[in-house]
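Trainee: For reference, the structure I am asking about is given below.
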Amino acid sequence: MTNDAGYISYQNMFTQVNTGLVQMQKIAQEMNLEETAKQLENSRKKLEARKFAVGILGEFKRGKSTVINSLLEKEIMPADILPTSATMNRVTYDMQPHVKLKMRDGSTMEIGIDDLPNYVTKLDEEKEAQAAKVEEAVVYYPCKFCQNGVDIVDTPGLNDDERMSRITEEIIPKLDVVIMVLVHDSPFSSSEADFVMNKLMTSDLGRILFLVNKIDTLRREQDRVRAVDEIKKRIREKVLESTKRIYGEDSQEYSDTKQKLGNIKVFPFSALDALEGKQAGDAALIEKSGTVAFEKELTHMLTEERGALELQIPLGNLGRGAQEIVKAIEVRTKALQMSGQEFEEKQ
């Protein structure tokens, strides 16, 4: 298929999905399915905006902020030995670096990029109180991965506290690609497996990249290989275990999940080595960090696979919306049938 033919095919599919979202939203509204209608509308708005979101997820202290800094090639996102991020942070493309804070009271504030730690961290009580007033920090920066409408979303730790976990879970349906950050010395816990199963696999494992961060703490190459292999094994085992518990071993869901797990993408990675290597122009350190293979796959997803990934979530929302509408029709049909029987008895 030529590039022109591929683009035309994508545009036709885009139009069909967008039209489907509009029509199904109208049906949901007519049936007073407000939550379904809202989800369909949000999906349509995101699709029409042509924005593509890459989310960095993981439990706290996995090095998520340093992963983003390695992609930015500069230490911009605050990182510390203690749980740090207290807000949603989003990186979007702009040649002039600056930060816009969206406050909880609806106002906005412009700050310098070096002032970001004072507004989005919880390193002391004063900073945490200030961060509580911030809804989202939008970092404008000339990051090569953020060109063509791509945003990188930095999330608080999943198990940091209840409010932060809820914020992270709310952003997941808006993500097109997920980078799940793990560490080798705490390899894919049950909570991480349940999170992947229940929150991320609603569309496809194909949109998830697993990063085994801090791999530089393992000195020998054979230890690194063994650690990555062990995490791959644990991901397969834990996700299949969760799928079996929810759907059963004989279910289609279990069979589909087993097939998808054969193609999971797991990368050994050192965000710190990648960042320091880029800042120092040290090609050997960059190669050692594992960032070359990771960035190659990320670039592939942001270019060649973008069209399919962009339509994946709205298609999933269409399917779920249809299920909710059918379910509501069945309930109301039964109610009408019962009313008819009662009417005949009274007659």
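The values are calculated or read from the model by the stated rules, or taken from the named source; none is laboratory data. Bear in mind that the values here come from a model prediction, so they are computed numbers and not experimental data. When we count neighbours, we look across all protein chains shown, and the Cβ atoms used for this are built from the backbone with ideal geometry, even at glycine. Side chains are part of the model used for accessible areas, which takes the heavy atoms of the whole protein and leaves out ligands, DNA and RNA. Shrake-Rupley method; radii C 1.70, N 1.55, O 1.52, S 1.80 Å.
Trainee: Glu310 passes all but one of (1) charged (D, E, K, R); (2) modelled with pLDDT of 85 or more; (3) surrounded by 15 or more Cβ atoms within 10 Å (Cβ to Cβ); which number fails?
Mentor: Of (1) charged (D, E, K, R); (2) modelled with pLDDT of 85 or more; (3) surrounded by 15 or more Cβ atoms within 10 Å (Cβ to Cβ), only one is false for Glu310: (2).
Trainee: Which ones in segment 236-248 are open to solvent by 80 Å² or more (accessible area, probe 1.4 Å), within 11 Å of Leu261 (Cβ to Cβ) and not basic (Lys, Arg)?
Mentor: Residue satisfying the conditions is Glu237 alone.
Trainee: Can you go through Lys278, Lys233 and tell me which one is under 27 Å from Leu71 (Cβ atoms) and either open to solvent by 20 Å² or more (accessible area, probe 1.4 Å) or part of a helix (DSSP H, G or I) (or both)?
Mentor: Step by step, each of Lys278, Lys233 is checked, and only Lys278 is under 27 Å from Leu71 (Cβ atoms) and either open to solvent by 20 Å² or more (accessible area, probe 1.4 Å) or part of a helix (DSSP H, G or I) (or both).
Trainee: How about segment 164-202: which of its residues are outside any helix (DSSP H, G or I), at pLDDT below 80 and under 11 Å from the mean Cα position of the chain (by Cα)?
Mentor: Met201
Trainee: In segment 44-150, which helices (runs of 4 or more DSSP H) lie fully inside it and hold 2 or more residues that are open to solvent by 70 Å² or more (accessible area, probe 1.4 Å)?
Mentor: Passing ranges, in order: 125-131.
Trainee: Now for a separate question. (1) farther than 14 Å from Leu71 by Cβ; (2) among the basic types (Lys, Arg); (3) surrounded by 16 or more Cβ atoms within 10 Å (Cβ to Cβ): which one isn't true of Lys258, the others all being true?
Mentor: Of (1) farther than 14 Å from Leu71 by Cβ; (2) among the basic types (Lys, Arg); (3) surrounded by 16 or more Cβ atoms within 10 Å (Cβ to Cβ), only one is false for Lys258: (3).
Trainee: State which residue pairs qualify: first residue in contact (Cβ under 8 Å) with a residue 12 or more places away in the chain and on the phi > 0 side of the Ramachandran plot and inside segment 214-238, second residue assigned to a helix (DSSP H, G or I) and surrounded by 14 or more Cβ atoms within 10 Å (Cβ to Cβ) in any location, beta carbons under 8 Å apart, and separation of 6 or more residues or different chains.
Mentor: What qualifies is Lys214/Ala271; Lys214/Leu272.
Trainee: Does Ser255 qualify as being without any contact (Cβ under 8 Å) to a residue 12 or more places away in the chain and polar (S, T, N, Q)? Lay out the reasoning, then the answer.
Mentor: Details: without any contact (Cβ under 8 Å) to a residue 12 or more places away in the chain: yes; polar (S, T, N, Q): yes.
Yes, satisfied.
Trainee: When segment 286-307 is examined, which residues are found to be open to solvent by less than 80 Å² (accessible area, probe 1.4 Å), in a helix (DSSP H, G or I) and in contact (Cβ under 8 Å) with a residue 24 or more places away in the chain?
Mentor: Passing the criteria: Ser289, Thr291, Ala293, Phe294, Glu295, Glu297, Leu298, Thr299, Met301, Leu302, Arg306, Gly307.
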